[in-house]
Amino acid sequence: MNLDTAIQYLPGVGPKRAELLEKELGIATVGDLVRLYPFRYIDRSSIVRIADVHPDLAQVQVRATVTKVRLYAKNGAELPPDKLKYNLVARLSAIVADESGEMEVVFFKGVKWMHTRLVPGSTFIFFGKPAVFNNHLNMVHPEVDAPDTSATGTLTGIYTSTERLKNGGITGRFMTKIIGTALEGILPVLQDTLPDYVLKEKGLVPLTYALRQIHFPVSQDALAKATYRLKFEELFLLQLSLLKQKYIRSSSAVGLKMPAVGEAFNACFKALPYELTGAQKRVIREIREDMRSGHQMNRLLQGDVGSGKTMVAVLSSLIAVGNGYQACIMAPTEVLAQQHFANVSKYLRPTGVRVELLTGSTGTAARRSIHAGLEDGSVGVLIGTHALIEDTVQFKALGLAVIDEQHRFGVDQRARLWSKGYNGIPPHVLVMTATPIPRTLAMTLYGDLDVSVIDEMPPGRKPITTICVGEGKRHAMHNFIRDEIAKGRQAFIVYPLIFESEKLDYKNLELGYEEIVKAFPLPQYKVAIVHGQQSNQEKDFNMSAFAAGRANILVSTTVIEVGVDVPNASVMVIESAERFGLSQLHQLRGRVGRGAERSYCILMKGTKVSKESQKRLDLLCATENGFELAEEDMKLRGPGDLEGTQQSGLPISLNIASLAKDGIILSDARGYAQHILDQDPSLSQPQNAPLAAELRKDKYVTKDYSQIS
Ligand code: ADP
Ligand code: MG
C-alpha cells in the first residue's frame with residue numbers, strides 16, 4: 001500500500017463505495033483518506049457525575065446502576081412486567097443512579113434487548129445527550145456499555161458525512177474502520193513531509209504520530225500536538241510555495257531600472273503642505289527600492305480610506321519621471337479621475353511636470369494634444385479612467401502604472417496596461433486598495449506579491465461618531481441634518497442596492513428621495529440624486545453638483561462608495577444598514593471625516609435585524625480601524641466571504657488550519673519558510689529534498705501569480 005493506492009482496494013470498500021466517497025468527499029486514494037481529519041471529537045475520556053449533568057452539555061457519559069425499569073404501552077399505560085408481549089411496548093424507561101443523583105434513560109426501539117440487559121442492580125456506562133423532560137433529567141437512546149469496555153476512555157473522531165454516504169452504507173463507524181485500516185497499511189512506510197531539522201527546530205511531532213493521533217487520539221494532549229503539527233505543516237508548505245514563486249518571479253521578471261530619485265520628486269517633496277506620516281515614508285521607501293532594483297515591481301498598497309495613498313502615488317510617479325519615464329494613474333470613475341487630477345496638479349505645480357487628464361469625456365482637440373504629448377514624452381503624468389488604456393493611447397516610455405481602487409478593474413484591462421511598457425519591458429505596477437484585508441488573508445491571497453500597508457492616519461483627523469438607530473429616530477435624523485446644513489455642511493444618504501431585488505431597491509431609493517425632498521424643500525434646500533440607472537453624464541453632473549457644494553444632500557446608491565472626496569460633507573446616513581457588509585459600511589463611512597469638522601455616520605436599521613447583522617453594526621459603532629474590522633469580519637463570516645476576496649478566491653483550500661484563527665501559526669510558518677528559502681532558494685540542498693518533493697505536488701502548482709489578478 002502507498003499513498004496513491006486507490007481506496008477501492010481497501011478491505012470492505014470496493015468500487016461502488018469508492019465511487020461514492022470520491023463523489024461526495026473527493027477521496028480517491030489512501031493519501032486522501034488519511035488526510036480526511038475528524039471535524040470534531042466526542043470526549044469519552046471522562047465520566048460525569050449525574051449531579052453535574054445538565055441539558056446544555058453535549059454528549060456525556062455517566063456510570064450508573066439501574067434501580068428500576070418500567071414498560072409503557074402506546075397509550076401511556078404501564079404494562080405489567082409479567083405476561084409481557086413486547087409488541088405492545090412503546091417505551092422502556094429505566095431509572096439509573098450513581099452516588100450523586102439519578103436520571104431516566106428511555107428507549108423506544110430495541111426494547112426487548114434492553115429489557116434483558118438493564119437488570120436492576122447492574123451497572124453500565126450510559127453515553128448520550130442529556131435532556132430535561134417533565135422536569136426530570138433524561139437521556140434518550142444512550143449507548144450502553146459494560147463499565148469496563150474499551151469503548152470508554154478515549155476521544156472518538158467524528159467525520160463529515162452526507163445523506164448519500166449514509167444511504168450508501170458509509171457510516172461513521174465504517175469511516176473509522178477504513179481509516180484505521182489505511183493507517184495500519186501506510187504508517188510503516190510513510191515519509192515525513194517535513195525534514196527532521198524542521199521538526200526539531202519547531203518542536204513538531206512526526207507525521208506518523210500526528211496522523212494516528214488526529215484520527216485516534218489517546219488524550220487531549222496528544223490531539224493538541226497532532227493538530228498543531230498538521231496546521232503548521234499546512235500553512236508552512238503553502239507559504240513556502242508562495243514565497244518560492246515570488247522568488248522566481250522577482251529574480252526573473254526584468255523591470256525598468258530607475259536609479260535616481262530625481263529633481264521632480266525633491267521639488268514636490270519640499271513643497272508639501274504637510275509632513276508625511278511614518279507609514280507613508282516607509283511605503284515610499286519600499287517602492288523606491290523596487291523601482292531601482294531592475295526587477296519589475298508588482299506591489300499592492302493597502303491603506304484605509306483617508307490614509308493618504310494619493311501622495312504615495314504622486315511621489316512614486318515622480319520617481320518614474322525623474323528617471324526619464326512617464327507615469328499614469330488610473331481611477332475607476334470619471335469623478336475620481338477629475339478629483340485626482342485636481343489634487344495631483346496642485347502637488348505637481350512646483351515641479352513643472354506636465355500632467356494631463358484623459359477620460360471618456362475629453363474633447364477631440366484636447367485628446368489629440370494629449371496623445372501627441374504622450375508620444376513625444378512631454379506629458380509626464382497622465383491621469384484618467386480606463387480610457388487611458390485604449391489602444392490609441394501610446395506612451396513614449398511608460399515606467400509606472402498606478403491603479404487606484406483595484407477591485408473595479410478587470411483582469412484584461414490590467415493585461416493591456418502591461419503591453420504598454422517600454423521596449424517590451426512592462427511598467428512597474430502599483431495597485432492601491434482601500435479595502436483592508438486581514439493580514440493572514442493578504443499573506444495567502446497575495447502571498448507572492450509585495451504588500452505595503454499604510455497603517456497610520458494623517459494627524460489631526462477628527463474621529464467620526466457612529467450611531468445606530470431605528471425607524472423611531474427618523475425625525476430626529478432629519479433635524480440633525482438640518483442643523484448640520486445650517487452650519488454650512490452637507491450630507492450623504494445612501495440606500496442599499498442588492499442585485500437580486502434590484503427593482504424593489506430602486507423603489508426604496510425613489511421613495512426615499514421623495515421623502516427627503518419633502519422634508520428638505522426648495523428653495524431652502526437642494527437635493528441631488530445619483531444611481532446606477534442614470535447615464536454617466538447624468539451621474540457626473542449630479543455628483544459634481546454635490547462635490548461643488550451646489551446641493552446640500554446627495555441621495556444615492558453605493559455608486560459613491562469608492563474614493564469620492566467631499567471634505568465639506570459631515571453626515572453619512574446609511575439606510576437599511578443591516579443589509580450591507582462590514583467592509584462596505586466602513587468604506588461608505590470613510591466618505592465623511594475628510595474635512596476639519598466633526599463628522600457623523602448614522603446607521604438606520606430596519607425592524608428585522610439578525611443577530612449577525614446587529615453584531616456588524618455594533619462593531620462599526622465601536623471602531624474606526626478598517627483592519628480591525630476586517631479581522632472581525634473574517635471571524636464572523638470566514639475568509640471565503642470577505643468582500644474583495646470573492647473574485648480572487650483563495651489559492652488553495654485549507655484542510656485543518658484557519659486563516660481566521662491561526663494567524664500566529666501562519667506568521668511563524670511564513671517567517672520560517674522565508675528563512676529556509678534565504679539559505680536555499682531552489683530547495684536543492686539534500687536536507688530540503690522532502691520539501692522540494694512536496695512542492696512538486698499538483699495542489700502547489702496551481703495558478704500563475706506572476707501578474708496581479
Ligand atoms: P486615500 O488613501 O483614501 O486615497 P487621500 O490620499 O485622498 O486618502 O488623503 C486623504 C486626505 O488626507 C487628503 O485630503 C490629503 O491631502 C490628506 N493627507 C494625506 N497625507 C497627509 C499627511 N501626511 N498629513 C496630513 N494630511 C495628509
Ligand atoms: Mg484615494
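Laboratory data are not the source of any read-out in this text; all were calculated from the coordinates shown. Bear in mind the structure is a predicted one, so any value in this text is a computation, not a measurement. Don't worry about glycine lacking a Cβ; one is built from the backbone with ideal geometry, like all the others, and counts go over all protein chains shown.
Some notes on this structure:
- Distance from segment 481-557 to segment 251-266 (C-alpha centre basis), Å: 45
- In segment 98-245 the Cα-Cα distances spread across 10 Å bins starting at 0 as 9, 24, 27, 20, 12, 6, 1 percent of all pairs.
- The alpha carbon radius of gyration of the chain, expressed as a multiple of 2.2 N^0.38 Å, is 1.23.
- With both residues required to sit in segment 46-150, DSSP beta bridges show an antiparallel share near 90%.
- Gain in span if fully extended, H475 to S610, counting 0.36 nm per residue against the direct Cα distance: 46.2 nm
- Full-extension gain in nm, R35 to R696, via 0.36 nm per residue minus C-alpha separation: 236.1 nm
- With neighbours defined as other Cβ atoms within 10 Å of a residue's Cβ, the residues D221, D32, D82 order from fewest to most as D82, D221, D32.
- Fraction in percent of alpha-carbon pairs per bin - 5 Å, segment 473-531: 4, 16, 26, 24, 16, 9, 5, 1
- 16 Å Cα cut-off, lysine pairs counted over segment 46-150 (separation 8 or more, or different chains): 7
- Anchor K396: lysines whose Cα lies under 29 Å away (excluding residues fewer than 8 positions away in-chain): K257, K270, K309, K346, K420
- A486-R461 FRET efficiency (beta carbon distance; Förster radius 25 Å; 0.05 resolution): 0.55
- Translational D in µm²/s for segment 263-410 (Stokes-Einstein at 10 °C, 1.306 mPa s, Kirkwood Rh from C-alpha pairs): 102
- Along segment 41-50 the Karplus relation, 6.51 cos²θ - 1.76 cosθ + 1.60 evaluated at θ = phi - 60°, assigns HN-Hα couplings of 10, 9, 8, 10, 8, 9, 9, 9, 6, 4 Hz to successive residues, with x for each Gly and Pro.
- Compactness of segment 46-150 - radius of gyration and Dmax, Cα, Å: 13.4, 40
- With helices as the sole contributors, the chain gives -12000 deg cm²/dmol at 222 nm; each DSSP H run of n ≥ 4 counts as -39500 (n - 2.57), and the sum is divided by every residue.
- Fewest neighbouring Cβ atoms within 10 Å first, the residues R70, R591 line up as R70, R591.
- Ranked D680, D391, criterion: other C-beta atoms within 10 Å, fewest first: D391, D680
- Distance from segment 285-319 to segment 154-229 (C-alpha centre basis), Å: 46
- At full extension, R70 and E201 could sit 41.0 nm farther apart than now, given 0.36 nm per residue minus the alpha carbon distance.
- Reference-scaled alpha-carbon Rg (2.2 N^0.38 Å with N residues) for segment 276-337: 1.16
- Those residues of segment 56-74 whose amide nitrogen sits under 18 Å from the label point placed on S100, 7 Å along Cα→Cβ: 56-66
- DSSP assigns beta bridges within the chain; of those with both partners inside it, close to 40 percent run antiparallel.
- Estimated inter-spin distance, E510 and Q534, nm [label 7 Å along Cα→Cβ]: 1.6
- Environment charge at R229 (Cβ cut-off 11 Å; Lys +1, Arg +1, Asp -1, Glu -1): 0
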